[in-house]
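The structure appears right after this line, and notes come after that.
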Amino acid sequence: MARKHILLSIHPVHAEKIFNGTKKVELRRRRPNVNKGDWVLVYVSTPVKALLGAFQVDCIIEDRPDRLWPIVRQDAGITRKQFYDYYDGTDTGCGIFLTSTRKYPSPIDLNHLRRVWVGFHPPQSFLYLTIDQVKQVESLGQRLY
């Protein structure tokens, strides 16, 4: 089965925690269609506005927020209050556990991405990538794996 690739937009504070190893699960209100072994490219939102690296999906857990919190609290990089504020008004939460984190030697800023990846707009949440889009990222000198 071919691996899927998605691009996630992540706030700078959370991306920093992913790449320094203190955040090992990415929380989402909506579950992207990814599975164990798929790759996630990390686009860091304003003010950074750059593709910073990637990680591989270890597993995904979906559950009610009150049942998800005990599972993710040690690895989410946020407080209990932040967690429940984020999931306020939702019935289901998603935790994407990550492995094989790779920070690129040099971030790929938004302007550079747009020169190579015609029509690129950072997604609000996530974007499924085609194999051609993955090759465009790799053509910038950044190996995904």
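Just so it is clear, none of the values below were taken in a lab; they were calculated from the coordinates. Bear in mind that the values here come from a model prediction, so they are computed numbers and not experimental data. Reconstructed Cβ throughout: ideal geometry from the backbone, glycine too, with neighbour counts over all protein chains shown.
Tabulated values for the structure
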{"quantity": "Any hit, segment 102-117, residues being surrounded by fewer than 17 Cβ atoms within 10 Å (Cβ to Cβ), assigned to a strand (DSSP E or B) and hydroxyl-bearing (S, T, Y)", "calculated": "yes"}
{"quantity": "Residue check for K135: without any contact (Cβ under 8 Å) to a residue 60 or more places away in the chain and assigned to a helix (DSSP H, G or I)", "calculated": "yes"}
{"quantity": "Test result for V116, over 26 Å from N35 (Cα atoms) and in contact with a helix residue (DSSP H, G or I) (Cβ under 9 Å, 6 or more places away or on another chain)", "calculated": "yes"}
{"quantity": "Any strands (runs of 3 or more DSSP E) falling wholly within segment 1-101 and containing at least 1 residues that are surrounded by fewer than 20 Cβ atoms within 10 Å (Cβ to Cβ) and in contact (Cβ under 8 Å) with a residue 24 or more places away in the chain", "calculated": "5-10, 25-28, 50-63"}
